[in-house]
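Everything on this sheet refers to the single structure shown next.
Every number here is computed from the coordinates shown, using simple stated rules; none is lab data. Note that this is a predicted model, so its numbers are computed, not measured. A quick note on method: Cβ atoms are made from the backbone with ideal geometry, for glycine too, and the neighbour counts reach across all protein chains shown.
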Amino acid sequence: MCLACFLASLALRPLCHSLVQRLLSWIALEVRAAVWSLAIGTFIAIGISRFTLAKPELTELLEACAKTSVLLFLWCNLYFSIKQSQRHSQEREELLRAKAEALDQNGGERTFRFTVRTGPRIQVVPAEEVAWISAAGDYVELHTGNATHLLRETMNCLGQKLDPAGFARIHRSKIINLARILELRSIENREYIVKLSDGSQHRSSRTYADQLERWLDSERSVK
């Protein structure tokens with residue numbers, strides 16, 4: 001049984017990883033983990049009972065299914081907790097690094113337009129046309145309504161150059177145009193799902209929650 005549970009945990013790992021990457025609330029995450037744990041736990045208990053010499057009673061089989069499912073569900077929660085802790089640790093490090101870089105800068109100029117290369121052409125993209133920005137290694141991707149432009153810049157440096165009244169960093173790998181926000185949906189621990197005018201949705205992290213909440217307060221004060 002122990003060996004079977006160990007093998008089942010290996011099978012659950014990619015499923016748990018895919019769930020963590022999706023924009024799911026904690027409740028939705030738990031429900032999906034419970035369903036997968038129950039299905040795999042039941043399969044294991046029934047499979048083992050087929051190969052035992054003494055056939056178990058129905059109550060014993062149900063008890064084995066329940067115990068196996070609970071064990072797998074607890075394993076899923078342990079995996080979620082570890083991944084969430086790692087993610088928050090990385091985001092704190094990114095935020096501290098960004099603050100350190102900001103202190104080292106001597107009042108650099110704001111960026112209101114970007115110069116990007118599109119094939120043989122060099123194109124100028126106004127900042128207000130950019131809906132959101134994502135990290136891509138040593139580059140960033142500028143997402144406009146109908147195109148994506150690659151710019152050689154880091155998220156930390158670009159975050160310091162953009163107008164804070166127009167853009168906000170909501171995640172270590174995402175910056176959004178505040179004017180493009182259509183909807184904020186609170187999920188947990190000061191985290192939000194941010195829906196933009198281009199239809200894209202982005203999950204914010206609580207590490208950068210202050211920027212979103214300041215924008216939200218300013219919007220309420222205007223109304």
* **Gained length - E219 relative to E128, 0.36 nm times residue gap less alpha-carbon distance** => 30.9 nm
* Label-to-label distance, nm, for residues given as R152 and R113 (7 Å Cα→Cβ offset) -> 2.2
* To do: Provide the net charge surrounding G145, with neighbours chosen by a C-beta distance below 10 Å and charges set as Lys +1, Arg +1, Asp -1, Glu -1.
  => -1
* How much FRET efficiency would the formula 1/(1 + (r/R0)^6) give for S85 and T144, where r is the Cβ-Cβ distance and R0 is 45 Å, rounded to 0.05? -> 0.80
* For D163 and R22, what does the FRET efficiency come to when R0 = 25 Å and r is the distance between their Cβ atoms, rounded to the nearest 0.05? -> 0.20
* Structure fact -> Here the stretch 111-126 yields Karplus 3J(HN,Hα) values (6.51, -1.76, 1.60; θ = phi - 60°; whole Hz; Gly and Pro given as x) of 9, 10, 7, 10, 9, 10, 9, 10, x, x, 9, 10, 10, 9, 10, x
* Under Stokes-Einstein, with the Kirkwood radius over Cα pairs standing in for Rh, what whole-number D in µm²/s applies to the stretch 113-222 at 20 °C and 1.002 mPa s? -> 149
* Phi-based couplings in Hz for the stretch 76-82 (Karplus 6.51, -1.76, 1.60; Gly and Pro marked x) -> 4, 5, 5, 4, 4, 5, 5
